[in-house]
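*Asks:* Please read through the structure below; I'll follow up with questions.
Every read-out reported here was derived from the displayed coordinates using simple, explicitly stated rules and does not represent laboratory data. Quick caveat, the model's predicted, so the values are computed rather than measured. Every residue, glycine as well, gets a Cβ built from its backbone with ideal geometry; the counts of neighbours run over all protein chains shown.
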């Protein structure tokens, strides 16, 4: 119950899904303070209240991931409210340009489109729009870059190091794990993680990635509307035969945020049910 004792964490995309689950685990392990940085203010404030009811201290920070100033401000809020920034988790991300976590209609629309792409991959590839490409790259990759810059700058000034955890994906290494812009963006996040780990190691800042497999979040709505035979086919590639739970990703983030991983940097951990065992 003390692996996060005294640590202050900023979590982008913290209102929902993996970010929310990670925030709760950090509170359960004694985090000094949590900043929930998200574009969804109402949901973000609800998450902050949940964390407070769980015994933690938390505040909300508005965040458009591709706004450099808002990335800087969320770090400033952590310092102002809790005195420092020790951990950054970049959980903000999208699978397509219309994605908005918690928007059921948009999620189903995306899932239908993705199912069509799977049935006719060549057509899905050549019909991809520049708008789709740019939006996904901006949020997933550029947004992560801005967050890393903002957090690292303050961590360096503090002089005590820190831990930065990016959310990559199995798509970082496998082209079939999502639409083209998404897999390219996540491959970029993985390389950004390795580059940042090398550059920031002298400042005692560790940078690692988590590459989740298929997890029960809004992003995997496709499994709920896909034909059973298609779902069965997908899970043949997962030896454990199921989707992971958000708390299983949160536990991985907890390890990377804690001193238990003090000699680890530039790595990617794959809680994926054995997806990469072949």
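*Asks:* May I ask you to compute the full-extension gain from residue 49 to residue 67, defined as 0.36 nm times their residue separation minus their alpha-carbon distance, rounded to one decimal in nm?
*Replies:* 3.9 nm
*Asks:* What list do you get for 130, 192 if you sort them by fewest beta carbons within 10 Å?
*Replies:* So the residues, fewest neighbours to most, are 130, 192.
*Asks:* Just want the ordering: 215, 164, 137, from fewest to most Cβ atoms lying within 10 Å of their own Cβ.
*Replies:* Taking fewest neighbouring Cβ atoms as first place, the list is 137, 215, 164.
*Asks:* So between residue 84 and residue 194, what do we pick up on full extension, going 0.36 nm a residue minus the alpha carbon distance?
*Replies:* Fully extending the segment from residue 84 to residue 194 adds 37.2 nm.
*Asks:* Okay, next question. Counting other beta carbons within 10 Å of each residue's own, what order do 156, 126 fall into, fewest first?
*Replies:* So the residues, fewest neighbours to most, are 126, 156.
*Asks:* While we're here: Just subtract the alpha-carbon distance of residue 5 and residue 203 from 0.36 nm times their residue separation and send over the number in nm, one decimal.
*Replies:* Length gained, residue 5 through residue 203: 69.1 nm.
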